[in-house]
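Peer 1: I'd like to ask some things about the structure below.
Readers should treat all values here as calculations from the given coordinates under stated rules, not as data from a laboratory. What you see is a predicted model; the values in this text were computed from it and never measured. With ideal geometry, Cβ positions are generated from the backbone for all residues, glycine too; neighbour counts draw on all protein chains shown.
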Amino acid sequence: MSEHYNTDYSKEEVADVLQEIQECIRADRFTIALNENREENLSFVRDYNLRHIRRKQILLQIETEDFCHSLQNTNVGYEHEVLYVFCPQVILFNFAGEEKQVDVYIKFNIIEVASRNRVVVISFHERNKPIDYLFR
């Protein structure tokens, strides 16, 4: 595990963070990065035909036990932001209709805009590297 990963959280702290994330998702105050810089996200959404409602369902199914770690944003000007990584296991169907259990790597950023929190889902794709769960 990287030295930059923070796992110094209690289960209650992660539950609080997840509750804030999911409140934003339920209120449609979230976006998933699906631009040219996020080809993995685009491919994942395309490969499993994940429409907005299914993406939202996946995000709302995340549990505290799916938490891996947090890390500091390293982008210039955003170093104060904390990114939260979860990796739920989800049953999805590909275009051929084949069922597959997928580890979905999800990285969240909670940002305050006009005194209200919003969530940016930076990563939303199939896990492509080993991960460790904090509470499993």
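Peer 1: Over the chain, with a Gaussian network built from C-alpha contacts below 10 Å, which listed residue (R116, R38, R26) shows the highest mean-square fluctuation?
Peer 2: Per the Cα network of the chain with a 10 Å cutoff, R116 tops the list.
Peer 1: Based on DSSP H runs of at least 4 residues, each adding -39500 (n - 2.57), what is the mean residue ellipticity at 222 nm of the chain after dividing by all its residues, to the nearest 500 deg cm²/dmol?
Peer 2: Estimated from H runs of four or more residues: -7500 deg cm²/dmol.
Peer 1: Right, something else. Where does the stretch 1-68 land on Rg(C-alpha)/(2.2 N^0.38 Å)?
Peer 2: 1.29
Peer 1: Let me ask something additional. Students often get this wrong: which residues of the stretch 74-106 have the backbone nitrogen under 18 Å from the point 7 angstrom along Cα-to-C-beta of Q22?
Peer 2: The answer is 84-91, 104-106, whose backbone nitrogens lie closer than 18 Å to the label point.
Peer 1: What base-10 log of the normalised intensity I(q)/I(0) is obtained for the stretch 11-126 from the Debye formula, alpha carbons as equal point scatterers, at q = 0.17, 0.19, 0.20 Å⁻¹?
Peer 2: Scattering profile of the stretch 11-126, log10 relative to I(0): -0.85, -1.05, -1.16.
Peer 1: Quick one: what are the phi-derived ³J(HN,Hα) couplings along the stretch 18-28, Karplus 6.51/-1.76/1.60 with θ = phi - 60°, whole Hz, x for glycine and proline?
Peer 2: My calculation for the stretch 18-28 gives 5, 4, 5, 4, 6, 5, 5, 5, 4, 8, 6 Hz in order.
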